[in-house]
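One structure below.
The values are calculated or read from the model by the stated rules, or taken from the named source; none is laboratory data. Since we're looking at a predicted model, the values are computed, not measured. With ideal geometry, Cβ positions are generated from the backbone for all residues, glycine too; neighbour counts draw on all protein chains shown. Ligands, DNA and RNA are stripped out before the accessible areas are found, and what is left, the full protein with its side chains, is counted by its heavy atoms. Shrake-Rupley method; radii C 1.70, N 1.55, O 1.52, S 1.80 Å.
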Amino acid sequence: MAGLGCVLEKPHTLPPEEATKRLGVNPATGLSSEEAKRRLESCGPNVLEAGRRRGFLEVFLEQFKNLFVLMLLAATAFSFYVGETVDAVLILAIVLFMAVLGAVQEYRAERILEALKKLASPKARVLRDGKIVLVDASEVVPGDIIIVMEGDRVPADARLIEAKDLYVDESTLTGESIPVHKRADVVLPEDTIVSDQVNMLFSSTYVVRGTGKAVVTATGRNTYIGRIARMVAETRAEKTPFQVELDRLAKRIAAIVVVIAALSFIIGYVFQEAGLVDLMLTSIALAVAAVPEGLPAITVIVFSIAAWNMARRNALVRRLAAVEALGSASVVATDKTGTLTVNEMTVRQFHTADGKVYTVTGEGYRLEGGVFENEKQVTAEDSPLLRLAGLVSVLNNNASLEDGKIHGDPMEAALLVFAHKLGMDPANVRKTYRRLREIAFSSERKRMTVIVEGPEGLLVLSKGAPEIIIDRSTGYMTSNGEERPLTEAEKAKLLSQVENIAGRGFRVLALAYRRGEKQDLEASDDEVESRLTLLGMVAIIDPPRPEVPEAVRRALEAGIKVVMVTGDHPSTAKAIAEMIGLPRGRVVTGQELEKMSDEELKRIAGEVAVFARVTPEHKARIVRVYKELGHIVAVTGDGVNDAPALKLADIGVAMGQRGTEVAKEAADMILLDDNFATIVAAVEEGRRSFDNVKRTVLYLLSANLAEVATVFYATIKGIGTIFNAAMLLWINIVTDGFPAAGLAFEEAEPDVMKRPPRRRDQPILGKPQFTYLLLLSAIETLLTIGFYHLYAAEMSPDHGRAAGFLALMYAELAQSMALRRLNKPISLRMIPSNRQWLTGYAVGAILAALSVTVLAELFRVSSLGIADILAIFLASHAAVLGFEEARKRLGLHV
Ligand code: ATP
């Protein structure tokens, strides 16, 4: 920054002009992109904690932070010292190789997570080269002009230049949860405390209402929050429930393995007078090979692969635990507008209060088309009613339309198009009428009102949910422009008319007006929005997304309950629910919800298909109730007020396009395309990764068990060592290293979306899985011991050890093949579909063969002939695959 620092000190004491001057920026055009780039280089990225990145070497060295590995290295050094050079070098080489393998996997998973984090990083709206652009918040620099609006997270500290009705939640900073009203037009004394600096915006706070324009005075660590460095703790990596479960399991197994290894050592030493160094090495190697300390890391690897796949399918996961939760989601509570529907709104009809219907032609946001009364085109000039309806459409509206591209709320954009078709020019109308007051829309209020001043004086113009506008109206206007009082009977009739229109899937919005008076400008919101004259109702279509019915069908087939949670009218919601194929069920309105106790709600929760006319507060309650019923709940949201529901849910899903930064920050997953179908795809990916964790865990554990059992058997039988240290470690690479990593990539089983969701309390390893582990490791142990004895008796003990060695490796490889389908028979056709596995399997099979031929001497076994190798290969595969296929056919599921 030419002569400027990276921080503007005490900006709250300066008028905005002075602040921008000192920061060297023109507030009308912002910085140029070159200047921004320069400042980014000199002041650094706008981040609080430049998340330390572990290099490969560091990850590699971490692999040695394991007591058993260190013991093994020490014992190896000792055996080197006593002259067992070959063994020592071999063990060292294998250990190094294992560490490389482990580090590569871990490093890859870390890079994936890092890339994902970048994708999900918060965005900021800045003025650059005279244009408003969206950039990564990390690229905001001092002097940038930022624009903030409702739902935004303030990207940096900034001095306000403009503020319109701006309220900011600064609780992250001050702990005070009442939003602060911000103003640009004040200059404050130097000693004003942060919470009173109303002309400033602070990084990491949230805009809850209004809009503002400000010049950035400090970024990154120089911001107020950066200085108190509060957020550091937030980047902590948390463990998923699976990881915790596997952690516990790994510890238990480790204890068992250590006891057995120690026993083998003692028994071997006392009763068999075997070589001390050999025994020690073998026992420690057994601990290294069979203690599954890497078990929890498997979830990280599998889940980061899943997260990557999800990102490619437009679902950005923010926490790994969400992948896991998605796999067991049993309720998806989804918004309607934009998620189930395309969010392209078109006004199709205008209904007057006295029952006349105008049809509107044309599609989408294109301006072609018109308004017709029985084939005859009409315009705003033709009737005072249509003119007023057009005025409400244009003036009670914050959207804009440029060459068919909309800015702002799609429904408001549809109203602009409607006004066009009535022959009005919105730009002109907005020039003629000056807006004096706006009572903003919110999901709770379900209405919006403006007061404008025009040729006919002050006008109060309202639009909103029909039942609310009708309730607030005391009169209505007939199609020929007469104003009449609205009786209760007529209100009831109108409501059933609304019901009727909504029942065909239209969104219905009521328009109303009244002549305003001076005091309306000061009166309470409630007073302004009363004594209205109803002008009529527009019927708007927003068709379902074409891919949604199929996604709904798949979700239902997967045993997932889909409930629509919408702010829209119950009849509209119900009609859309039918169009997308939701099963018929109860439609519960927000009003009914209010009257229901949690118990009542729980009783009917299973039958509800639609919650309509609900507020974000209701949404949080719905999530809580389903959770209390034992469901794993995914919920979608976009607004500031959706944050509590998103946080409460097991999987909070924020909309990537429509969603506010607040919602995204509260969510576990961001839908880049706002599409319901993407949630279903993510569920599928979650289920697939759950299966892959299970496969890998079952595989590794049964292999480890078989190794332990064999060593223990050899000890108590007094055979001495069937497996020495090098062999045990080798088995670990050949079988656990390559094919196991391949299992983590296995594609989704054909029936993943045809089975019910996993229950929340179901452990990864329950009784069926333990039985499986015992049986499989028994088969593998028997094969090993059997071949050992066979060859030891017929040829020599060294041949026996080679045969047992090979049999165990081939049995494990066969098991990795069988586990590619957990509970369904495998077929030859599927073999090439998982290249990682296939490579792992092939490499493993070749390495195994090499270890009893060219490498036999290294392992101190006799070498075997091709025919023996083939025989052992076939026998091991036949035994394991035979057992597995029988188990699957008998329906003994894991
Ligand atoms: P969903 O919850 O599925 O997104 P929704 O858009 O209808 O549906 P909300 O945004 O909470 O939900 O809106 C609730 C109701 O408020 C709408 O059905 C409509 O009647 C009314 N409404 C929506 N937007 C506006 C607006 N800009 N001005 C006035 N009224 C509005």
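Structure notes:
- The loop-placed trypsin sites (Lys or Arg not before Pro) in the stretch 329-429, going by DSSP, that have at most 14 neighbouring Cβ atoms within 10 Å of their Cβ come out as 366.
- The stretch 147-200 - percent relative contact order, Cα under 8 Å, separation 6 or more: 33 percent
- Carbon and sulfur %, accessible surface of the stretch 28-138 computed with the full protein complex present, 1.4 Å: 66 percent
- Under-14-angstrom lysine pairs by C-alpha in the stretch 346-541, whenever the two are 8 or more apart or on separate chains: 4
- In degrees, nearest ten, helix 241-272 long axis to first principal axis of the chain (Cα): 10 degrees
- C-alpha long axis of helix 570-579 to longest principal axis of the chain, angle in °: 50 degrees
- Largest-first ordering by accessible area, 1.4 Å probe, given options 873, 80: 80, 873
- Gyration tensor verdict on the chain (Cα atoms; rounded if a/c is under 1.5, prolate if a/b is larger than b/c, oblate otherwise): prolate
- For the stretch 13-106, the list of trypsin sites (Lys or Arg not before Pro) that fall in a loop by DSSP and count at most 16 other C-beta atoms within 10 angstrom reads 52, 53, 54, 65.
- The stretch 627-781, accessible area per residue, ligands and nucleic acids excluded (1.4 Å, Å²): 29 Å²
- Distance in nm between pseudo-label sites at residue 842 and residue 747 (7 Å out along the Cβ direction from Cα): 1.8 nm
- The trypsin sites (Lys or Arg not before Pro) found in the stretch 564-650 that occupy coil by DSSP, while having at most 12 further C-beta atoms within 10 Å, are 584.
- Along the axis of the charge dipole computed for the chain (Cβ charges of +1 for Lys and Arg, -1 for Asp and Glu, origin at the Cα centre), the listed residues 779, 89, 459 are led at the positive end by 779.
- Largest to smallest in accessible area, the residues 669, 596 fall in the order 596, 669 (1.4 Å probe, all protein chains included).
- Estimated D of the stretch 346-541 in µm² per second, where Rh is the Kirkwood radius over Cα pairs and Stokes-Einstein applies at 4 °C, 1.567 mPa s: 78 µm²/s
- With every protein chain in place, the stretch 540-643: carbon and sulfur % of accessible area (1.4 Å): 50 percent
- Nearest-ten-degree value, helix 276-290 long axis tilted from longest Cα axis of the chain: 30 degrees
- The 3J(HN,Hα) values that the Karplus relation (6.51, -1.76, 1.60; θ = phi - 60°) gives for the stretch 361-375 are, in residue order, 9, x, 10, x, 9, 6, 7, 5, x, x, 10, 10, 10, 6, 6 Hz. Gly and Pro appear as x.
- When +1 charges are put on Lys and Arg Cβ atoms and -1 charges on Asp and Glu Cβ atoms, the dipole computed for the stretch 346-541 relative to its Cα centre reaches about 200 debye.
- The chain, relative contact order [Cα under 8 Å, separation at least 6], %: 12 percent
- Placed amide H near residue 589: partners under 5 Å, 5+ positions off or other chain: 612
- Whichever lysines have a C-alpha closer than 19 Å to that of residue 65, once near sequence neighbours (fewer than 8 apart) are set aside: 251
- Accessible surface calculations at 1.4 Å, restricted to protein heavy atoms, place the stretch 154-299 at 46 Å² per residue.
- Working note: Karplus 6.51/-1.76/1.60 with θ = phi - 60° gives the stretch 532-549 the couplings 7, 10, 6, 9, x, 10, 9, 10, 10, 9, 9, x, x, 5, x, 7, 5, x Hz, where Gly and Pro are set to x.
- Simple Cβ-charge dipole of the stretch 282-411, Lys/Arg +1 and Asp/Glu -1, about Cα centre, in debye nearest 20: 500 debye
- Alpha carbon centroid spacing (whole Å) that separates the stretch 283-298 from the stretch 390-449: 66 Å
- Rounded to the nearest 0.05, the FRET efficiency derived from the C-beta distance between residue 194 and residue 527 at R0 = 30 Å is 0.25.
- Fraction of accessible area attributable to carbon and sulfur, the stretch 720-860 (%, probe 1.4 Å): 66 percent
- Relative intensity of the stretch 17-62 on a log10 scale, I(q)/I(0) at q = 0.15, 0.20, 0.22, 0.32 Å⁻¹, equals -0.59, -0.79, -0.87, -1.09, per a Debye sum over C-alpha point scatterers of equal strength in the absence of solvent.
- Euclidean distance of C-alpha centroids, the stretch 761-832 and the stretch 96-125, integer Å: 33 Å
- A 1.4 Å probe run over the protein chains yields, for the stretch 346-541, 43 Å² of accessible area per residue, whole-number rounding.
- Working note: Karplus 6.51/-1.76/1.60 with θ = phi - 60° gives the stretch 29-39 the couplings 10, x, 6, 7, 5, 5, 5, 4, 5, 4, 5 Hz, where Gly and Pro are set to x.
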